[in-house]
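As structure tokens, the structure follows; a few thoughts come after it.
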Amino acid sequence: MDEPLVLPEWLLARSPRRTFAFDPASQCAPGLPAFSGLRVYTGALSEAEAAELLIEIERRPFLPSQSGKQKQHFGPRFNFVRRRMNVDRFAGLPASAHRLESRLRACVARDRAGDPADLARCRAALADYATTDVFVLRYVESERSNLDFHVDDLHAYGEAILDVSLDSDSILSFLGPEPGPADPGDGRACVRVPLPARSIAVVYGAARFAWQHAILASDVRGIRTSITLRTLAPALRETPAGQQVLARAAQHV
Ligand SMILES: O=C(O)CCC(=O)C(=O)O
């Protein structure tokens, strides 16, 4: 984005002195070594590839979603509160999901940046990953669409989460855990991660499990379309329903 990484006032009030920028060249937040578990690959898709994905997305209907967003979903449905999975209406994934997974894997295979232990953790998370769930989200600036801070459900989904940005630049904000007694008075750290159009990000490790993430309404310019790819949690994969999900995820719709 052209503008500096400015935090909205309510977030600044929560974390007055603890806001850090993520640097994709070194795959870390240089001011905050404790933040780990995120890699962003800028330019991972060509303009033609992003345009083709958007055309494919436009052919399918969007449904209204929370916080002014619209969505398309492919995968089993979850009742997160009751920890129930329903496979009935899951027929398969768009073929592009597997291509995006392969592209991310190729980026990670070439990656030499940052802390080798963090890179090893990323590779381990991907060794245990096969896309079973695709969420297309559309954000509209004039609707003040946003994604509230959350951790992706741990019972439903495995470690690695892949996030593809298609048509506009945005920022993914991460909010750290409450500081412990040894770290009093500083508030929660916030890491601001630029997600340019045509980038693919992968979240794992601490960023996946210990930090919450969000897309703030003030970080949406025009229309933003993202594709989030997830895998079934390991414990679910071993169940008969999980096996069905894996088999259906290999089918194309
Ligand atoms: O829209 C995005 O880029 C992020 C989506 C996401 O992280 C989520 O749905 O949990």
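Each value in this text was obtained by applying a stated rule to the coordinates, not by laboratory testing. Quick caveat, the model's predicted, so the values are computed rather than measured. Here the Cβ is made from the backbone with ideal geometry for all residues, glycine too, and neighbour counts use every protein chain on show.
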request  = Give the whole-number value, in cubic angstrom per residue, of the convex hull volume spanned by the C-alpha atoms of the stretch 38-130.
outcome  = 166 Å³
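Ranking Ser173, Ser65 by Cβ neighbours within 10 Å, fewest first, what do you get? Write out the running numbers ahead of the final one.
Values: Ser173 24, Ser65 17.
Ascending number of Cβ neighbours within 10 Å: Ser65, Ser173.
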message = Taking the 0 to 90 degree range and rounding to the nearest ten, how far is the long axis of helix 95-110 tilted relative to the main principal axis of the chain, both from C-alpha atoms?
response = 40 degrees
query = Expressed as an acute angle from 0 to 90° and rounded to the nearest 10, what is the orientation of the C-alpha long axis of helix 47-58 relative to the principal long axis of the chain?
reply = 60 degrees
request  = For the stretch 163-253, report the translational diffusion coefficient in µm²/s to the nearest whole number, using Stokes-Einstein at 25 °C, 0.890 mPa s, and a Kirkwood Rh over Cα pairs.
outcome  = 155 µm²/s
message = I'd like to know which of Ile57, Gly176, Phe78 lies farthest towards the positive end of the charge dipole of the chain, counting +1 on Cβ of Lys and Arg and -1 on Cβ of Asp and Glu.
response = Phe78
ask   = Pairing the Cα long axis of helix 116-127 with the longest principal axis of the chain, what angle in degrees results, from 0 to 90 and rounded to the nearest 10?
value = 20 degrees
query = How long are the three semi-axes of the equivalent ellipsoid of the chain, in whole Å, if each is the root of 5 times an eigenvalue of the C-alpha gyration tensor, listed from largest down?
reply = 28, 21, 19
task = Return the calculated 222 nm mean residue ellipticity for the chain, to the nearest 500 deg cm²/dmol, obtained by summing -39500 (n - 2.57) across DSSP H runs with n ≥ 4 and dividing by the residue count.
result = -7500 deg cm²/dmol
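If the only charges are +1 at each Lys and Arg Cβ and -1 at each Asp and Glu Cβ, what is the size of the charge dipole of the stretch 35-103 around the Cα centre, to the nearest 20 debye?
Computed about the Cα centre, the dipole is about 580 debye.
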task = Determine the distance separating the Cα centre of the stretch 184-253 from the Cα centre of the stretch 52-72; give it in Å without decimals.
result = 17 Å
task = Give me the distance between the Cα centres of the stretch 103-132 and the stretch 146-162, rounded to whole Å.
result = 18 Å
query = Dipole of the stretch 18-247, Cα-centred, from +1 at each Lys and Arg C-beta and -1 at each Asp and Glu C-beta, to the nearest 20 debye?
reply = 440 debye
